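The structure under discussion appears below in the form of structure tokens.
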Amino acid sequence: MFEDLFYKRLTQLRMEKGVSARDMSLSIGQSPSYINGLENRHSLPAMDSFFNICDYFHITPKEFFNDGVEAPTKLQEALKALEPLSAEQLSHIIAIAKDMKR
């Protein structure tokens, strides 16, 4: 169950970031075919490699496996952008978000 989620999520996050499997592999210090091998279900990463993958996406392991959040990297980006806003501005953003859910 978690294996399927891992493979699906890795591919989803990589595609969302718009990076090739080769470039991502090299960015996390692995061989050029590492991510491709993971996405093709040849293996699962060691724990330290999994943490490097999460760091690469700027998300926590919890966020990686939370498939209820479609785009966790975009959520993190949005949260950072919201930090300097005032309480009133945040209230407006919340109202807009609630309206968009309808």
Considering only the stretch 72-81, I want to know if a residue exists there that is of a type outside the set (G, A, S) and within 19 Å of F2 (Cβ to Cβ).
yes
Picking from D55, D67, D48, the residue that is open to solvent by 90 Å² or more (accessible area, probe 1.4 Å) and at pLDDT below 95 would be D67
All-but-one check, G29 against (1) in a helix (DSSP H, G or I); (2) more than 17 Å from the chain's Cα centre (by Cα), failing number (1)
Can you find even one residue in the stretch 32-41 that is surrounded by 12 or more Cβ atoms within 10 Å (Cβ to Cβ), under 19 Å from the mean Cα position of the chain (by Cα) and charged (D, E, K, R)?
yes
If we keep only residues of the stretch 70-96 that are within 30 Å of M47 (Cα to Cα) and open to solvent by less than 70 Å² (accessible area, probe 1.4 Å), then the residue modelled with the highest pLDDT is A78
By my count, helices (runs of 4 or more DSSP H) wholly in the stretch 37-102 with at least 1 residues that are among the aliphatic types (A, V, I, L, M) are 47-57, 72-82, 87-101
Filtering the stretch 1-20 for residues that are loosely packed, with under 13 Cβ neighbours inside 10 Å and either over 14 Å from Y56 (Cβ atoms) or of a type in the set (A, V, I, L, M, F, W, C) (or both) leaves a count of 6
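The values are calculated or read from the model by the stated rules, or taken from the named source; none is laboratory data. Keep in mind the model is a prediction, meaning the values are calculated, not measured. Please note: Cβ atoms are built from the backbone with ideal geometry, for glycine as well, and neighbour counts cover all protein chains shown. Ligands, DNA and RNA are excluded from the accessible area calculation, which covers all protein heavy atoms including side chains. Shrake-Rupley method; radii C 1.70, N 1.55, O 1.52, S 1.80 Å.
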